[in-house]
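What follows is a short report on a single structure.
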Amino acid sequence: MEYTATIEEENKEIAKRYKDLLKGTYQTLSRADKLKIRKAFNLSVEAHSQQRRKTGEPYIFHPIAVAKIVANEIGLGATSIAAALLHDVVEDTSYTVDDIERLFGETVARIVSGLTKISSLKKDKDHSIQAENFRKMLLTLNDDVRVILIKVADRLHNMQTMDSMPQYKQVKIASETLYIYAPLAHRLGLYNIKTELEDLGLKYTEPDVYNDIVSKISESKEEQENYIKSFADTLNDGLSKENFKYQIRGRFKSIFSIRRKMLKQKVSFDEVYDKFAIRIIYEPTSDDEKFDAWKIYSIVTDYFKPNPSRLRDWISQPKSTGYEALHITVVGPEAKWVEVQIRSNRMDEIAEKGYAAHFKYKQGAENENGLDGWLNRLKETLENQSINAIDFVEDFKLNLYAKEIYVFTPKGDLKSLPKGASALDFAFSIHTDVGLKCRGAKVNGKLVPLSFELNSGDQIEVLTTANNKPNSRWLDFVITARARTKIKAALKDDEKKIAEEGKAILARKLRHLKINFDEKSINELVNFFKLRTSFDLFFRIGNGAIDNTQLKNFVSQRNNTFMNFFKKRLSRTPSKESIEKEEVTAKYDDLVFGLEEEKLDYTYAKCCKPIPGDKVFGFITISEGIKVHKKDCPNAISLQSNYAYRIIKAKWIDSSNQEFKAILNVSGVDNRGIVNNLTKIISNNMHVFIHSINIAGNEGVFDGKLSISVKNRTQLNKLIDSIKKVDGVQKVERVNTM
């Protein structure tokens, strides 16, 4: 519809919207607050006076709408409202951050500056640059969480007014919203905003599905209202007898969550049994809100039979967003399952407003499970800028939507972790050093491996050892962003040490081969071994992946002047395709299959054309061997459901970091401490991992079997030589091939 308002009508509408903003503020504003907001409003009107939105409306409508979401729905105060009104001024007009600081002070300027850094997620950018933009946005969490809260409000209003945009932009912005903004709103406790972002995201990514569910909800609205009335009428007597002041409200589950249930349970709209929930919001009758909640629970279950497995107690242990409530599922009128949420007025306000209400009601010391605790735990992830942007955003997202479990320390303290967390995740949640030195754990008194998946109620004791080191296998089973970040950083430090040793070894070997250790020689070696940097070269020399034989091959080829000239010509004009291939294979140069991570012959599937680094699986065809497909391949669901027995796990690796299993038979003269001496020798060899040791003594002699993982043959030979030097060892034989 064409926009046709006159200037006079626009001015009236701007004034009306500004009054609505002030009228609906969640917090009480002082005279000084109102003056600050008015000043910000006046500046914003003046700065944006020549700008229009895509609809033709005055641009100022947008900052007012964002400020209204910040004031009414998130519940922030005057500083945030002023910053929201000014959030596009520095980016879109001639005003600078210094101007904002001079007029409004350091805090407003810092927030506006943070918003300016991240406000423009540039169009038509590739995936890694898009991830880099998200990274910049998330890094502002360190400065002031209000930056993110206002950014979420900005995104919500943009999603609400996207109809005038071309479809490709709608899909792009909606996808970004579902990818990062909705999970972020969820973690910040902004339940209503999260729900609206998800629903609007679905509206533009799957419009037919969205419209179908909306129409079905609309058709069943009257039926829902009658059902809620019937439920409330049944409970009225019981609640009134206990003198409770309460409201009973019903609400449909969000369109997005209904869609998710339909997909997950493979059912139609009509078959989703808990499409709406009933909420009982009460005024506490005493200082003990918790007691009142359980009292209401008791009254509800007197009238309606509960499902004990569906009880969720977030009052005794609130979610890390600050959310508190009792959720029960009962057999309601007409024998239908219905979820009942029991909350006090305070709990309801925290659930609706999230962050701001949580801190309005905060008393005394900050609860470890509150938002501050979550932000503090994230800071180490946010500050680690050594990992690439895509990994950074993926790691960050791990902690956004994760369902939580609650576990106990040996002293009985409660900790929350994402569902699916391992014993090693728990160790890292205690302290980085505890995680890095963790060698095992006891769960409920029983010894378990580091990969053991924890359940709510488990009590965990972490076992550490001073000389323990992390290894790359840990990344296969940790799921928290903190653990992944710390393990990657530690592995990188180890790689640096190995590379330093490799550099010294290479200098010695080149001197022995009468070759200068200079930049020219190193570049030739890097090209010869098809590597990308000198660091890769030093690392492979250090861990034995490049040995003396390979270096001698380099020398003989180097002495061939024709090959040298030919190689120079080739390296001078690399094709665009080869450069791109180098970039994508920077981290991965091999593909392995199955639990044993074997190297097998394969070809790429033409339907999805995977490249190194993509998440993939192998499919065993009848006549063409193994075909490698991306996990999000259009044919993946069909292949996995119809031919599950022919699916084989596949994983990209950096071959210099791959480990091989080897079994050694060791025999000799039995003496005290032989096992201790052997384990000490093995553990002192960098990155050798012990799977099992089995040694039996018999009348003065011993025979044993060691199962270990090593990086390469050079490392294994060094280890065998070291074991032979142990007092009492007479024979060491390898019994399996690499």
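Data overview
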{"item": "Relative exposure of PHE269, PHE452, PHE426, judged by other C-beta atoms within 10 Å (fewest first)", "result": "PHE269, PHE452, PHE426"}
{"item": "Furthest towards positive pole of dipole, ILE255, LEU239, ILE296, structure part the stretch 215-353, Cβ charges", "result": "ILE255"}
{"item": "Residue-wise HN-Hα coupling along the stretch 550-556, computed from phi with Karplus coefficients 6.51, -1.76, 1.60 (Hz; x: Gly, Pro)", "result": "5, 5, 5, 4, 4, 4, 5"}
{"item": "Centroid-to-centroid separation of the stretch 693-730 and the stretch 414-479 [C-alpha atoms, Å]", "result": "30 Å"}
{"item": "All lysines inside 19 Å of LYS419 as judged from Cα atoms, apart from same-chain residues fewer than 8 positions distant", "result": "LYS261, LYS264, LYS319, LYS397, LYS403, LYS442"}
{"item": "Neighbourhood charge, 9 Å Cβ-Cβ cut-off, centred on LEU417 and excluding it, Lys, Arg +1 and Asp, Glu -1", "result": "0"}
{"item": "Stretchable slack from ALA5 to SER220, in nm (0.36 nm times residue separation minus alpha-carbon distance)", "result": "73.6 nm"}
{"item": "Contact order relative to length of the stretch 161-271, as percent, for alpha carbon pairs under 8 angstrom and 6 or more apart", "result": "23 percent"}
{"item": "Net charge contributed by nearby residues that have their C-beta within less than 9 Å of MET347 (K/R +1, D/E -1)", "result": "-2"}
{"item": "Straight-distance crosslink candidates among lysines, where the alpha carbon sits under 20 Å from LYS245 and sequence neighbours closer than 8 are dropped", "result": "LYS229, LYS290, LYS295"}
{"item": "Footprinting exposure proxy for MET347, MET165, MET159 (fewest neighbouring C-beta atoms within 10 Å first)", "result": "MET165, MET159, MET347"}
{"item": "Dmax and Rg, reported as Rg then Dmax, of the stretch 215-353 (C-alpha, Å)", "result": "15.2, 46"}
{"item": "Simple spin-label estimate for ASP208 and ASN42 in nanometres, 7 Å along Cα-Cβ", "result": "5.5 nm"}
{"item": "Packing-based exposure ordering (other Cβ within 10 Å, fewest first) of ASP313, ASP288", "result": "ASP288, ASP313"}
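Each reported figure results from applying straightforward, stated rules to the coordinates on display, with no laboratory input. Because the structure is predicted, anything quoted here is derived from the model rather than measured. Because the Cβ atoms are built from the backbone with ideal geometry, glycine has one as well, and the counts that use them run over all protein chains shown.
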